[in-house]
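Comments concern the structure below.
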Ligand code: C5P
């Protein structure tokens, strides 16, 4: 059986940094499910399709031509229709588009199988908003990461600066807050901790400390 570790939580809680390091340490595959929603948001803009989740966008969710590459230097690149969109993917504008397309239940349904196809031996670390509740409900380890809104906005701010995007911290806090609200209040697969998830507040913890904690639980559960 493929061992799955599901990591969910709001923006800036540390899912991406923790999930990718954990996958590397364990030799597992890694799914950044947010990237799929972001890619679909980009596709919608490119093909001038309304992000409201109409039939054409649902078809694209099933068929869009995407690729995830790990370069020799360990750098992760994301391709859309053959073009490297890694940088564009990480902007706050793309995040907002993703959160809009993510409200449609048809689109979520269309992306469900694509996400499940990432589950391959020996295991998968999957991060997102509904990994433990909807996509991999039988995952033997579910983690729900949180952090204070100030800390999450600060982390996003640092990531955006590294990506060459300058946004004021205060404006970003508002954007993160409203994206979280939309993600938590939507009808289709809202962001919520699975009943059997281990909840961790990462506000005061480093990425290494969170990874160590999750790895210790994974050992106890016989996942490594
Ligand atoms: O994780 P990331 O910030 O890249 O996600 C961007 C947006 O995609 C989220 O705000 C959320 O609306 C949506 N998303 C989702 N379900 C997931 C992953 C992301 O709805 N599993």
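The values are calculated or read from the model by the stated rules, or taken from the named source; none is laboratory data. Remember, it's a predicted structure, so these values are computed and weren't measured experimentally. Cβ: placed from backbone, ideal geometry, glycine included. Neighbour counts: every protein chain shown.
What to note about this one:
- The residue list 57, 79 contains one member that is touching a helix residue (DSSP H, G or I) at 6+ places or on another chain (Cβ under 6 Å), at negative phi and not in a loop (DSSP other than H, G, I, E, B), which is 57.
- Residue 10 satisfies every condition listed in (1) farther than 26 Å from residue 149 by Cβ; (2) within 14 Å of the ligand (Cβ to nearest atom); (3) not in a helix (DSSP H, G or I) except (1).
- Test: residue in region 32-47 that is farther than 23 Å from residue 10 by Cβ, surrounded by 18 or more Cβ atoms within 10 Å (Cβ to Cβ) and either without any contact (Cβ under 8 Å) to a residue 40 or more places away in the chain or in contact with a strand residue (DSSP E or B) (Cβ under 6 Å, 6 or more places away or on another chain) (or both): yes
- Whether a residue is within 14 Å of the ligand (Cβ to nearest atom), modelled with pLDDT of 95 or more, closer than 24 Å to residue 180 by Cα and touching a helix residue (DSSP H, G or I) at 6+ places or on another chain (Cβ under 9 Å) was assessed, and residue 88 passes this test.
- Given (1) touching a strand residue (DSSP E or B) at 6+ places or on another chain (Cβ under 8 Å); (2) within 13 Å of the ligand (Cβ to nearest atom); (3) under 24 Å from residue 194 (Cβ atoms), number of the condition residue 78 does not satisfy: (3)
- Flag if residue 104 is more than 20 Å from residue 178 (Cβ to Cβ), modelled with pLDDT under 95 and within 13 Å of the ligand (Cβ to nearest atom): no
- Residue match in region 33-47 (condition: modelled with pLDDT under 95 and assigned to a loop (DSSP other than H, G, I, E, B)): yes
- Selected residue (criterion: nearest to the ligand (Cβ to nearest atom)) from residues of region 144-153 that are without any contact (Cβ under 8 Å) to a residue 60 or more places away in the chain and outside any loop (DSSP other than H, G, I, E, B): 149
- Count of region 173-207 residues which are closer than 24 Å to residue 3 by Cα and without any contact (Cβ under 8 Å) to a residue 12 or more places away in the chain: 1
- Residues considered: 170, 156. Of these, the only one that is in contact (Cβ under 8 Å) with a residue 12 or more places away in the chain and part of a helix (DSSP H, G or I) is 156.
- If you check 109, 150, 88 for being over 15 Å from residue 36 (Cα atoms) and surrounded by fewer than 21 Cβ atoms within 10 Å (Cβ to Cβ), only one passes: 150.
- All told, residue 96 meets the bar of being under 17 Å from the mean Cα position of the chain (by Cα), surrounded by fewer than 17 Cβ atoms within 10 Å (Cβ to Cβ) and within 9 Å of the ligand (Cβ to nearest atom).
- Selection within region 132-159 - in contact with a strand residue (DSSP E or B) (Cβ under 9 Å, 6 or more places away or on another chain) and closer than 15 Å to residue 14 by Cα: 142, 143, 144, 145, 146, 147, 148, 152
- Residue list for region 173-224, filter: closer than 22 Å to residue 135 by Cα, out of contact with any helix residue (DSSP H, G or I) (no Cβ under 7 Å at 6 or more places or on another chain), away from the ligand (no atom under 16 Å from the Cβ) and not in a helix (DSSP H, G or I): 195, 196, 199, 221, 222, 223
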